Amino acid sequence: MLIADAQVHVWAPDTPGRPWKPGAVAHREPPLEAAGLLREMDAAGVRRAVLVPPHHDADRHDLVLAAAREHPDRFAALGRIDTESPPAGIPDGWPAPGMRGLRCTFIRQREVATLVAGRMEPLWSEAEKRGVAVAILVPHAQLPTIGSIAEQHPGLRLTLCHLALTSGEYDDAAFSNLDKLLALAARPSINVNASALPFYTRDGYPYRRLHPYLRRVYDAFGPRRMFWGTDWSRLKCTYRQAVTMFTEEIPWLGARDQEWIMGRGLCEWLRWPTAAST
């Protein structure tokens, strides 16, 4: 079974020649770079990972693009859009070689203001026209806005990261507005990344408190529109445990469902060819 991680951040140290954003704090020390990530992936049985530049690394793309170009069957990159000062469409030259989609984050006040004010409209229109996949991190409160965007742009290919969990709360409190996410399953152009989930529970591995919520997401979106991922740099478990939570600890996930959730669905959505499809 091909296992592909829907999101991992990689970054370089904060140095005078390559500084982070002022006041930024990384998920972990030392930095997680591509070579170290490959070792962790190999140990965990993860074949592929989608790389996203972290916010603290000043939204640079050199590391993720270099990794995707050097290891095209192991890494793909998403181009992070500046949603505080959004471009008038997709930046020139994007998707760049090694890049298989875009990433937009609407968490901070100015980012959410951009979304609500409709200032992303040029990018939505161009991404829809060109068939470029867009991964979005947005709080549950803004999911109706995403639904309206999907209605206006039915061909816009959207993925909601981390099941739209952004609050920093845990268990029932974190998932209290899950119905807003499930309502978007009616739109076939929207998928979800089931990523970063151990971060949102006080439970220990295998995180059984999360399983009922995952079942609701599975029932709504189905295995072909539900992509496994980790956001591994901020998790409290091992990389292998993030895998086996899905492959060994959820009894209602059969082998065929696991194939789609653990990697096939993501790779097909990003049009990232696998050996079986070439």
Calculate the radius of gyration of the Cα atoms of segment 156-200 to one decimal place, then report Dmax, the largest Cα-Cα distance, as a whole number, both in Å. 10.9, 31
Average accessible area per residue (Å²) across segment 33-121 - probe 1.4 Å, nucleic acids and ligands excluded: 42
Find, among the trypsin sites (Lys or Arg not before Pro) in segment 114-187, those assigned to loop by DSSP (not H, G, I, E, B) with at most 15 other beta-carbon atoms within 10 angstrom. ARG119
When the accessible area of the chain is computed with all protein chains present and a 1.4 Å probe, what percentage of it is carbon and sulfur? 51
Describe numerically, in nm with one decimal, the distance between label points set 7 Å from Cα along Cα→Cβ at GLU248 and at ARG69. 3.9
Under the Kirkwood approximation for Rh and a Cα-based Rg, what ratio Rg/Rh is obtained for the chain? 0.93
Cα extents of segment 87-208 per principal axis, largest first, Å, are 44, 30, 29
What spacing in nm lies between the two simple spin-label points modelled at ASP219 and TRP94, each 7 Å away from Cα in the Cβ direction? 3.8
CD proxy at 222 nm, helix term only [per DSSP H run n ≥ 4: -39500 (n - 2.57); per residue of the chain; nearest 500]: -8500 deg cm²/dmol
If you build the Cα gyration tensor of segment 1-148 and take the root of 5 times each eigenvalue, what three semi-axes come out, in whole angstrom, biggest first? 26, 19, 15
State to the nearest 20 debye the size of the charge dipole of the chain about its Cα centre, where the only charges are +1 on K and R beta carbons and -1 on D and E beta carbons. 280
Highest-first arrangement of 131-140, 54-63, where packing means the average Cβ count within 10 Å: 131-140, 54-63
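The values are calculated or read from the model by the stated rules, or taken from the named source; none is laboratory data. Worth saying up front: this structure is predicted, and the values here are computed from it rather than measured. Neighbour counts are summed over all protein chains in view; Cβ atoms, including those assigned to glycine, are modelled from backbone coordinates with ideal geometry. Protein only, heavy atoms only, side chains kept; ligands, DNA and RNA dropped before computing areas. Shrake-Rupley method; radii C 1.70, N 1.55, O 1.52, S 1.80 Å.
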